[in-house]
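Derivation of every value follows stated rules applied to the coordinates shown; laboratory data play no part. On a predicted model such as this, the values are computed, not experimentally measured, just so you know. Cβ coordinates were reconstructed from backbone atoms using ideal geometry, including for glycine residues, and neighbour counts include every protein chain displayed.
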Amino acid sequence: MDLKTIIFYVFAALLIFAALRVITARNPVHAALYLVLAFFNAGGLWLTLQAEFLAITLVMVYVGAVMVLFLFVIMMLDIDIKRLRQGFWRNMPLAATLGVLMVAEMALVLSTDYFGPVAFPGTKMGADYSNTRELGRLLFTDYVYPFELASIILLVAIIAAVVLTLRRRKDVKHLDPVQQVAVKHSDRLRVLQMPAEKEGE
Amino acid sequence: MEASVLHFFEWLWGPYWSTLWAWFKPVWPLIWVIMKIVAILVPLLLGVAYMTYAERKILGFMHVRIGPNRVGPLGLLQPIADGLKLFFKEVILPTKADPALYFMAPALAMAPAVAVWAVVPFFDGVVLANLDAGVLFLLAVSSLGVYGVIIAGWASNSKYPFLGSIRSAAQMVSYEVAMGLALVCVLMVSNSLNLTDIVHAQGRGIFADWGVGALSWNWLPLWPVFLVYLISGVAETNRAPFDVVEGESEIVAGHMVEYSGMAFAMFFLAEYANMILVAAMVTVFFLGGWLSPVGFLPDGLPWMLAKMSLMLFLFLWLRATFPRYRYDQIMRLGWKVFVPVCLIWIPVVGVWMMSPFNIWE
Amino acid sequence: MLKNFVMPDLYPAAPELFLVAMACAILLADAFAGASRRWLAPVLTMLTLIGCALITYATFDGTATLTFANMFVDDPLSDFLKLLLYVAIIVVLVYGRDYLAARNLDKGEYYLLLLFATLGMMVMISAYNFLTMYLGLELLSLSLYAMVAIDRDSPRATEAAMKYFVLGALASGLLLYGMSMIYGATGTLELGRVAQTIHEGTTNRTILVFGLVFLVAGVAFKLGVVPFHMWIPDVYHGAPTAVTLLISSAPKLAAFAMALRLLVSGLFGLAEHWQSMLMLMAVLSIGIGNLAAIAQTNIKRMLGYSAISHMGFMLLALMSGVAGAEVDPMALINAYSSALYYIISYVLMSLGAFGMVLLLSRGGYEADNLEDFKGLNKRSPWFALMMAILMFSMAGIPFFVGFFAKFSVLLAAVAAGHVAVVVLAVIFSLIGAYYYLRVVKLMYFDDPVDAASIRAGLDMRLLISLNGLAVALFGLFPDSLMMLCTATLVRSL
């Protein structure tokens, strides 16, 4: 067993542990933090596959930004774990049966020799090979169409988030200084012309 | 460098050297890495300590005060005294805090601030890990610093820390976007993600050939982006005028309210280490790293340190000069000013590079 | 600098590029236009769709062209479906205008999401790669989730959007999982090469079928067939009716294209496997859809269940392409063109039926209960007639378009030897005729609950009349449309 294999097993073991804790941790914040750990180890696994760009991007995007926002939401919400767990034991038998079935099916399929380690021999890259450069080249040439589509999906997500969250509250007594400054005397005051009246008529 | 160090040891131990070397040879690479880490960390921590001293002295000068002058000559031992005081203070754990996370938070704040230094080049080849994707590593690891803040706020189980941590984390995440986009321009013109290569790329150009290398550095052609990066760097470290995390009148010390003693000191260390890091990054990305500004002087580590010191002085100057921003103004500046500026400058640079006026050939 | 880089041919994708450019322009125009120019977004959207239609028509050439590294296909089928798509979206725009304005939902973002959903469907229709198929689907779904929730003060709409989103995300996951399995087995994402690899027979069959199961589940969810139909009634009911109108019409065209491309263009070698899966789903959908629809009192829900049964019928045609070991190209084209014919006629009828629901609603009032159709004949004989035509057609009563659609599907199924299935389908559609005819009975033989006259813009009245008449006309002359479908498929497959 060489060093690379040992590193792989360390990362893999930590990843599985973290993933298990994500679903078993009682406190949602702890669960989210374990998810962070899981992402971290997944990034480590990618590093051992010479995919440093993907690894670092995973850490940067998911750990550095997405999970932070996720934690915001979880921390703000007052999640009642007891209520979430209601009916857990009642539904357990069915869920367990289905789960075991799925696992058995997958085991059946995945145990075929097609998924053995022989089928996908890792490609050895030269010393000047840069994962980042290759990915960039592919993304902007062969995969430019899906790449642009993905960006449009993100645009739609932004528009959807704006339309679903932005609204003017009616109960806020908000003054617009621009309107206040731009007011003219004719908006406020109207001079009426009236004939003079004599007293006593 | 490795050979001369070994040579030094050989001279130091004299006749015992061959026996010792037989023992140490298998683990020597590890020892060598640890020695390099120590060589980076010790000056860094000293720098952090004297940064606090410099801050107080410079602020004092700008406020027409004297600043610390009691401990040691000119108050030079003040940081040591402060450190000892914090070290011996009791670390308090609030009753309802989450103990594990509460103590993990300062470490999580400190670790990334230190780990990033692995890829910072001080001179040609003087870098702990010369990664090909150094810029990405830098962005990734520095984005982890936010966890220290957010976990500290939550684990304290107290209102002010929580509000403070949310403020701080939102601010850091927002300004990371602007910083990342600003770096895209730098990457485009230097055609590399390696920090050493980025510095080298700035040593080439018409002005460098004329002997005024300072005008070939990135700060001039990428001026708007340079400003964005600089200001975002200040905001990223939660320094004045963007220091809304702390505020005596509103949320006291933000996420650090409940911390005392060494735990508090760790946050403090992390903040100053991050400041020095931002100074180093601005130097590497925009101010030519260790390159000499004029042709007749040699390149070298002193230039790097001088440029970093200049940047750090600028940060202190900002703090002494500007009033604080309001929180919504900070967010608006980040998202509605800096991000668009970067997004506009990226195509500008792209067109520039494709045009006959390309200066980065 | 890049060497050996060949600029992709943008010409086949001209409609998509035009639409994206216009959508970005509308986004900016709407953001800077201010409240007084709210008409800008709908008018520009309409012009965009008309422009897309013109471009698609102008660039039509009866051959298949691949571009973007074989990820995009432009063949007669895609052009035909895209043209139908534009028509459906324009109809959705016209029908929904008053309804949205009355509820203050006609924000610029609505039109933008509509355009991006259209783009998603166009991408799906033209997808020649698992990746682009998935991305198109996500683009469509994401826009639809937001549109369902756009009436954010309505708890029912929010709940519907949430259900749609959670189940939709699950379905996308299933689809993606299936795709990755097939990618693992064949080593390619391109549909043509997947088909070729399967044809060569060197790949592991177990893994292919394993992936196929997930893939079919994903497609079935998007079509809304049993057992992946749970979202349909809730989403149809909860969404604002103008959005229901959209969900029930145009995406079915895209889902049909997706099914055809994935299963026929890509996984034709596994036809024996997916045909039996489709058969099960078809029978269940026709049965459950028709039976559950009887119990509904809300017409949107009822039409939702009816959609399930209609999609079941469409699957009936898709599963009849290959019978036995020999592939008969004539039977193949027959089956798939009857599926295409069915989906077109369904979209036509669905647009009309939801259009009627929109026509009857006014102000903030929803006319989505069966009660609201009582005595429609007394309020407006013309629109009652239109609705009657639509209902007759949906029930499959002769000489409307729905009848011929069902008839050709059943013929194809019989030709493939699925006689028992056909008998079941006929029995269930006879049961289903009950609830369609109940609407007709309510309109003609009951007294109106409220006698308010029907107010709608001239364009809507005109279009909905046209819609009803088209259902009747295509029923009288079914051959023209059928021949168009056949010709399209002959040139595309």
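Need the list of lysines near C:LYS300 for cross-linking: C-alpha distance under 25 angstrom, and skip anything on the same chain fewer than eight residues off.
By straight Cα distance, C:LYS300 reaches C:LYS107, C:LYS163, C:LYS222, C:LYS252, C:LYS374, C:LYS378, C:LYS406, C:LYS441.
Only Cα pairs under 8 Å and at least 6 apart count here; give the relative contact order of the stretch A:1-80 as a rounded whole percent.
28
If the elastic network links every pair of Cα atoms under 10 Å, which of B:VAL146, B:VAL212, B:VAL282 fluctuates the most in the Gaussian network model of chain B?
Among B:VAL146, B:VAL212, B:VAL282, the largest mean-square fluctuation in the Gaussian network model of chain B belongs to B:VAL212.
Within 10 Å of each Cβ of B:139-146, how many other protein chain Cβ atoms are there on average?
So the per-residue partner count for this stretch is 5.
Residue by residue through A:66-77, how many Cβ atoms from other chains fall within 10 Å of the Cβ on average?
4
Pick from B:GLU55, B:GLU236, B:GLU90: which is most flexible by mean-square fluctuation in a GNM of chain B where alpha carbon atoms under 10 Å apart are linked?
For chain B, modelled as a Gaussian network with Cα springs under 10 Å, the answer is B:GLU90.
Sort out for me the Cα centre separation of the stretch C:52-79 from the stretch C:90-159, rounded to whole Å.
Centre-to-centre (Cα) distance: 23 Å.
Give, in nm to one decimal, the length gained when the segment between B:TRP32 and B:SER355 is fully stretched (0.36 nm per residue of separation minus the Cα-Cα distance). Before the final figure, lay out each step's value.
Values: separation 323, 0.36 × 323 = 116.28 nm, distance 4.73 nm.
Result: 111.5 nm gained on full extension.
Can you pull the mean other chain C-beta count within 10 Å for peptide C:134-146? Numbers along the way, then the final one.
Details: counts 2, 8, 3, 0, 6, 6, 2, 2, 7, 5, 0, 4, 8.
What the average comes to for C:134-146 is 4.
So who's got an amide H within less than 5 Å of the one on B:VAL252, skipping anything under 5 residues away but keeping other chains? H placed 1.01 Å off N, in plane.
Sorted by chain and number, the residues that satisfy this are B:GLY247.
Grab the Cα-Cα distance for C:PHE407 and C:PHE445, subtract it from 0.36 nm times how many residues apart they are, and report the gain in nm with one decimal.
Contour length minus the Cα-Cα distance gives 10.7 nm.
Between B:SER260 and C:MET46, how many nm apart are label points set 7 Å from Cα along the C-beta direction?
7.2
Only helical DSSP H runs with n ≥ 4 go in: add -39500 (n - 2.57) per run for chain C, normalise by residue count and round the 222 nm mean residue ellipticity to 500 deg cm²/dmol. Can you show the working numbers first?
Working: 20 runs with 361 residues, N = 493.
So the calculated ellipticity at 222 nm is -25000 deg cm²/dmol.
Quick check: pseudo-label points 7 Å beyond the Cα along Cα→Cβ at A:VAL162 and B:LEU77, how many nm apart are they?
6.2
How do C:467-477, A:168-178 rank on mean C-beta neighbours within 10 Å, highest first?
Details: C:467-477: 18.2, A:168-178: 6.3.
So the peptides C:467-477, A:168-178, ranked by packing, come out C:467-477, A:168-178.
At what distance in angstrom do the alpha carbon centres of the stretch A:1-60 and the stretch C:329-347 lie from each other?
49
Calculate one ³J(HN,Hα) per residue across the stretch C:328-336 by plugging θ = phi - 60° into the Karplus curve 6.51 cos²θ - 1.76 cosθ + 1.60, and present them in order as whole Hz with x for glycine and proline.
So the J values, rounded to whole Hz, are 9, x, 5, 5, 4, 4, 4, 5, 6.
Would you calculate the separation in nanometres between label points at A:VAL66 and A:VAL10, each defined as 7 Å from the Cα along the Cα-to-beta-carbon direction?
That separation, rounded to one decimal, is 2.6 nm.
Would you please name the trypsin sites (Lys or Arg not before Pro) within the stretch B:69-174 that are DSSP coil residues with at most 13 other C-beta atoms within 10 Å of their C-beta?
On the way: sites: B:ARG70, B:LYS85, B:LYS89, B:LYS96, B:LYS159, B:ARG167; in loops: B:ARG70, B:LYS89, B:LYS96.
Passing both the DSSP loop test and the Cβ count: B:ARG70, B:LYS96.
Go ahead and set up a Gaussian network model of chain B, Cα springs under 10 Å, then flag whichever of B:THR237, B:THR196, B:THR321 fluctuates most.
Greatest mean-square fluctuation among the candidates belongs to B:THR321.
Take B:GLU271, B:GLU2 and order them by how many other Cβ atoms sit within 10 Å, fewest up front.
Numbers: B:GLU271 21, B:GLU2 11.
With the fewest neighbours first, B:GLU271, B:GLU2 line up as B:GLU2, B:GLU271.
Please work out the C-alpha center-to-center distance from the stretch C:277-296 to the stretch B:265-293 and express it in whole Å.
With the stretch C:277-296 and the stretch B:265-293 each reduced to a Cα centre, they are spaced 67 Å.
For an R0 of 35 angstrom, estimate the FRET efficiency from the Cβ-Cβ distance between C:ALA29 and B:LEU220 and round to the nearest 0.05.
For R0 = 35 Å, the calculated efficiency reads 0.40.
For a Förster distance of 56 Å, can you work out the FRET efficiency between the beta-carbons of A:ASP171 and C:GLU326, rounded to the nearest 0.05?
E between A:ASP171 and C:GLU326, to the nearest 0.05, is 0.15.
For an R0 of 60 angstrom, estimate the FRET efficiency from the Cβ-Cβ distance between A:HIS185 and B:LEU187 and round to the nearest 0.05.
0.55
Residue-wise, which Karplus ³J(HN,Hα) couplings in Hz belong to the stretch A:59-71, taking 6.51 cos²θ - 1.76 cosθ + 1.60, θ = phi - 60°, and x for glycine or proline?
Rounded to whole hertz, the list is 5, 5, 7, 7, 6, x, 10, 4, 5, 5, 5, 4, 4.
When only C-alpha pairs under 8 Å and at least 6 residues apart count, what is the relative contact order of chain C, in percent?
The normalised contact order for chain C reaches 15 percent.
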